[in-house]
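Notes follow once the structure below has been shown.
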Amino acid sequence: MRNNEQRTGTTSPKSDDSAPEASSSNELFNFSTPTEFVELPSQGKYYPEGHPLHNVGEVEIRYMTAKDEDILSSKTLLQKGIAVERFLQNVIVDKNINIEDLLIGDKNAVTIAARVTGYGEEYDVNVTCPSCGRGNRRSIDLSALELYSGDDYESVGFKKTGADTFVIKTPASNVDVEVCLMTGKDEAYLSAVAESRRKKKLPETTLTDQFSKMIVSVNGNSTNSVINSFIDHMPARDSRFLRGVYQKVVPNIDLTQHFTCESCSFEQDMEVPFTVDFFWPGR
């Protein structure tokens with residue numbers, strides 16, 4: 001991220017003895033919201049021609065304002081689960097960019113940068129120890145999180161296609177599975193499905209729903225019936241394998257942090273959890 005200082009409107013005007021002693025009230029209250037450019041993990045490589053981010057490495061966002069906080073605290077938007085998306089869409093300067101069309105990693109980068117403009121780089125969060133279950137308060141420096149370009153896919157056996165998808169052979173079923181990079185729209189769909197099933201008190205189908213969005217073809221066959229049949233009968237070994245290696249093709253923010261429990265000294269690398277404290281600190 002880098003500041004766009006020319007748009008801040010905070011530079012003091014030079015003195016001019018010939019100018020009137022008093023400025024107009026309109027000039028005194030002509031404030032300009034500063035902006036900054038957010039580097040995208042994908043560098044725009046996976047957006048099609050015609051997309052505003054095709055081969056574009058960064059996106060410009062406004063600093064969070066009090067009006068943006070109104071969006072984040074709107075009961076109606078919170079109940080609909082769209083408060084954060086509406087806020088992110090609002091802070092992106094180029095209105096040709098739709099937040100739902102962003103790759104998930106790029107959306108994460110914009111989300112973190114937008115949060116930093118409003119509440120700073122320090123993110124205090126409660127992390128539950130997976131060993132003893134005790135809560136541990138941690139302070140995360142969001143500015144220290146690093147970008148991952150997703151270029152390490154060959155190390156785990158992926159082959160990139162001309163359509164910007166990736167093919168890998170599963171170890172148990174020996175099937176060529178083609179996957180794509182998911183977008184904010186896919187993420188919103190998965191969240192809506194999970195919430196709908198929760199309200200209806202139905203069993204969770206998180207993994208199979210995710211696979212249905214990321215798998216493009218199986219052994220070259222892209223029909224929904226074939227893909228869904230493979231997902232339903234996929235060996236657990238293949239499921240675990242795909243979920244693990246998929247992270248190698250996804251450009252993203254590296255949210256991994258080393259965790260040590262203060263109670264039982266358990267140690268493990270864990271992803272930074274995004275809780276209500278992220279956009280609603282101290283709530």
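The values are calculated or read from the model by the stated rules, or taken from the named source; none is laboratory data. These numbers come from a predicted model, not from an experiment. Every residue, glycine as well, gets a Cβ built from its backbone with ideal geometry; the counts of neighbours run over all protein chains shown.
Considering 140, 82, which residue is among the aliphatic types (A, V, I, L, M), within 21 Å of residue 40 (Cα to Cα) and out of contact with any helix residue (DSSP H, G or I) (no Cβ under 6 Å at 6 or more places or on another chain)? Step through it out loud before you land on a result.
Working: 82 fails: within 21 Å of residue 40 (Cα to Cα).
Going through 140, 82 in turn, just one is among the aliphatic types (A, V, I, L, M), within 21 Å of residue 40 (Cα to Cα) and out of contact with any helix residue (DSSP H, G or I) (no Cβ under 6 Å at 6 or more places or on another chain): 140.
So, of the residues in region 248-283 that are assigned to a loop (DSSP other than H, G, I, E, B) and of a type in the set (Val, Ile, Thr), which turns out to be surrounded by the fewest Cβ atoms within 10 Å (Cβ to Cβ)? Reasoning before the result, please.
The first filter runs over region 248-283 and keeps only residues assigned to a loop (DSSP other than H, G, I, E, B), leaving 248-251, 255, 261-266, 272-283.
The next check asks that each one be of a type in the set (Val, Ile, Thr); those that pass are 249-250, 272, 275-276.
Values: 249: 24, 250: 22, 272: 20, 275: 14, 276: 10.
So, considering only residues that are assigned to a loop (DSSP other than H, G, I, E, B) and of a type in the set (Val, Ile, Thr), the one surrounded by the fewest Cβ atoms within 10 Å (Cβ to Cβ) is 276.
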Somewhere in region 234-243, is a residue closer than 30 Å to residue 126 by Cβ and under 21 Å from the mean Cα position of the chain (by Cα)? yes
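Does region 177-190 contain any residue that is assigned to a strand (DSSP E or B) and either at pLDDT below 95 or touching a Phe, Trp or Tyr at 6+ places or on another chain (Cβ under 6 Å) (or both)? Don't jump to the end; show me each part of the working.
The initial filter retains those residues of region 177-190 that are assigned to a strand (DSSP E or B), namely 177-179, 183.
Next, from what is left, pick out any that are either at pLDDT below 95 or touching a Phe, Trp or Tyr at 6+ places or on another chain (Cβ under 6 Å) (or both): 179.
Yes.
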Which numbered condition residue 47 fails, given (1) buried (at least 16 other Cβ atoms within 10 Å of the Cβ); (2) at pLDDT below 95: (2)
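Taking into account only those residues within region 199-233 that are charged (D, E, K, R) and within 23 Å of the chain's Cα centre (by Cα), which is surrounded by the fewest Cβ atoms within 10 Å (Cβ to Cβ)? Before you say what the answer is, go through the steps one by one.
From region 199-233, those charged (D, E, K, R) are 199-201, 204, 209, 213, 232; that's our starting set.
Among the residues that remain, those that are also within 23 Å of the chain's Cα centre (by Cα) are: 204, 209, 213.
On the way: 204: 11, 209: 16, 213: 17.
Within region 199-233, the match that is surrounded by the fewest Cβ atoms within 10 Å (Cβ to Cβ) is 204.
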Looking at (1) at pLDDT 95 or above; (2) of a type in the set (D, E, K, R); (3) in contact with a Lys or Arg (Cβ under 9 Å, 6 or more places away or on another chain), can you tell me which one residue 277 breaks? (1)
